[in-house]
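Since the structure comes first, as structure tokens, the remarks are kept for the end.
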Amino acid sequence: MEFIGKFTYLTNTILCAVLIGYLTSYVITLGSYYTYMLRNGRVKELQASYAPFRTDSNTKALYRICFALQMVFAAVSLLLNHSTHPLPAQVYALAILPIFLTIHVVTGFGKVEEKMASGKELTEPEIDLYTKLNLPLHLVYAALYLIGATWLVAALF
């Protein structure tokens, strides 16, 4: 059982680091591209290519699996390691996705992002919200995972 505990703790840490990379890469590439397209009145052009790709490639499901997998490993790791590794770091790692999703919903960004990605028509206020929040929020999400990964690693020393 000790091996499984160590494995889940390490995997949780690695998944946090992978999500930092993913979110940072999103800000640098795709997120910047989406924001550029929306700021320059090219919403329909973006949606015409992205929405079918997203549907045909199951991107939405894969995206959700990546984030949920980290949370599952965080939960299992917490169950197995609550008495052997510092509790606050493990609880925080488990809380990252709920914090992320709460921000996504409370800001209204999640709804607008889904409309944009699925090809639904966006109003000007929605486009403004998307272009205002897309990059900053994804940087905040990357920072949440950076804190988690750093805290989990630091707890090993």
Across the range 72-93, what is the total count of residues that are crowded, with 19+ Cβ neighbours inside 10 Å and either of a type in the set (Lys, Arg) or under 19 Å from Phe3 (Cα atoms) (or both)? 7
If you go through Leu69, Leu101, Leu97, the only one that is within 17 Å of the chain's Cα centre (by Cα) and exposed (fewer than 14 other Cβ atoms within 10 Å of the Cβ) is Leu101
How many of the residues making up the range 110-157 are within 13 Å of the chain's Cα centre (by Cα) and among the aliphatic types (A, V, I, L, M)? 8
Out of (1) modelled with pLDDT of 95 or more; (2) touching a helix residue (DSSP H, G or I) at 6+ places or on another chain (Cβ under 6 Å), the odd one out for Asn40 is which? (2)
Can you name the residue in the range 1-37 that is among the small types (Gly, Ala, Ser) and modelled with pLDDT of 95 or more and, of all such residues, is nearest to Leu79 (Cα to Cα)? Ala17
For the range 59-92, give me the residue count where each residue is of a type in the set (S, T, N, Q) and not in a helix (DSSP H, G or I). 2
Suppose we keep only residues that are in contact (Cβ under 8 Å) with a residue 24 or more places away in the chain and buried (at least 17 other Cβ atoms within 10 Å of the Cβ) within the range 113-126. Which one would you say is nearest to Cys16 (Cα to Cα)? Ala117
Testing His85 on (1) at pLDDT 95 or above; (2) more than 15 Å from the chain's Cα centre (by Cα), one condition comes back false. Which one is that? (1)
Contact list please: Cβ distance under 9 Å, first residue in the range 51-78 and in contact (Cβ under 8 Å) with a residue 12 or more places away in the chain and within 17 Å of Leu19 (Cα to Cα), second residue among the charged types (D, E, K, R) and surrounded by 15 or more Cβ atoms within 10 Å (Cβ to Cβ), pairs at least six apart or on different chains. Lys60/Arg54
Inside the range 21-32, can you point out the residues that are in a helix (DSSP H, G or I), within 18 Å of Tyr130 (Cα to Cα) and either among the β-branched types (Val, Ile, Thr) or in contact with a helix residue (DSSP H, G or I) (Cβ under 8 Å, 6 or more places away or on another chain) (or both)? Leu23, Thr24, Tyr26, Val27, Ile28, Gly31, Ser32
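The values are calculated or read from the model by the stated rules, or taken from the named source; none is laboratory data. Just so you know, these numbers come straight off a predicted model, no measurement behind them. When we count neighbours, we look across all protein chains shown, and the Cβ atoms used for this are built from the backbone with ideal geometry, even at glycine.
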